[in-house]
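Worksheet for the structure shown next.
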Amino acid sequence: PIEIDKANAMVLRVKEHFAVRAQTFEEVAEQLKEQLLTKKALEQLQERAKLAMVEIKETGDASTSSADFELKTLKNISRIDSQAPVEVVVKAFAMAHPKSDKVAVDTVTLADNSLAIVIVDKVIDADLSAISAEEMQAIGTALATRLGDQAYGVFVQETQAAAEVERL
């Protein structure tokens, strides 16, 4: 069985086996061409993003460098926000707090291999006095559950790494 996640596993059956062989250039040419074009496009995109980041850091304004980018402005993002891609939210909360009158800028690769420039212009500290006792209890429970999930994941990885397979 192949474990996909905690709740799902998959069992495969091989119906037909083909001997290992080197593929001809004609068989892989189209795939190779596509990979090379994708790699080149990604390199150009990363280079353009670096230039845009420098410009945004200097001016603090993304609108001047957004001519060839899609610009989305999201305000008051929280860690559990669903209006932004998860990768963007994680990157935004991992970035250093911006200095006064400056912005923090970084890039992140999204799940679809596109690139996002993340700009944080200010960070608002949480007001813990506004959180009720029930909410604090729920947060504590969620954190404990997450910690338990991580510990379980480490245990599974270590167990799988230490497992010995015996062929009969």
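The values are calculated or read from the model by the stated rules, or taken from the named source; none is laboratory data. Everything numeric here is computed off the predicted structure, so don't read it as measured data. As a convention, Cβ positions derive from the backbone with ideal geometry for all residues, glycine included, and neighbour counts pool all protein chains shown. Just so you know, the surface numbers come from the protein's heavy atoms only, side chains and all, with ligands and any DNA or RNA stripped out. Shrake-Rupley method; radii C 1.70, N 1.55, O 1.52, S 1.80 Å.
Observations
- Note on Lys72/Val14: beta-carbon distance plugged into 1/(1 + (r/R0)^6) with R0 of 41 Å gives a FRET efficiency of 0.35.
- Taking the charge dipole of region 41-168 about its Cα centre, with +1 at Lys and Arg Cβ atoms and -1 at Asp and Glu Cβ atoms, the residue from Ala142, Thr159, Ser132 reaching farthest to the positive side is Ser132.
- Estimated Rh, region 20-113: Kirkwood, alpha-carbon pairs, angstrom: 16.2
- Cα-only radius of gyration and Dmax that characterise region 69-168, units Å: 19.4, 69
- Cα gyration tensor category, rounded, prolate or oblate, for region 3-75 with a/c compared to 1.5: oblate
- Cross-link pairs Lys39/Lys91; Lys50/Lys102; Lys50/Lys75; Lys40/Lys91; Lys57/Lys91 - those with Cα-Cα distance over 20 Å: Lys39/Lys91; Lys50/Lys75; Lys40/Lys91
- Entry comment: accessible area of the chain is 87 Å² per residue, from protein heavy atoms only and a probe of 1.4 Å.
- For the chain: relative contact order, % (alpha-carbon pairs under 8 angstrom, 6 or more apart): 12
- Note that region 36-87 shows a convex hull volume over its alpha carbon atoms of 107 Å³ per residue.
- Computed from the C-beta positions of Ala130 and Lys99 and an R0 of 30 Å, the FRET efficiency is 0.65 to the nearest 0.05.
- Taken over the chain, the convex hull of the Cα atoms encloses 220 Å³ per residue.
- The accessible surface of the chain, taken with every protein chain in place and a 1.4 Å probe, is 56 percent carbon and sulfur.
- Remark: the chain carries a charge dipole of roughly 160 debye about the Cα centre, counting +1 on each Lys and Arg Cβ and -1 on each Asp and Glu Cβ.
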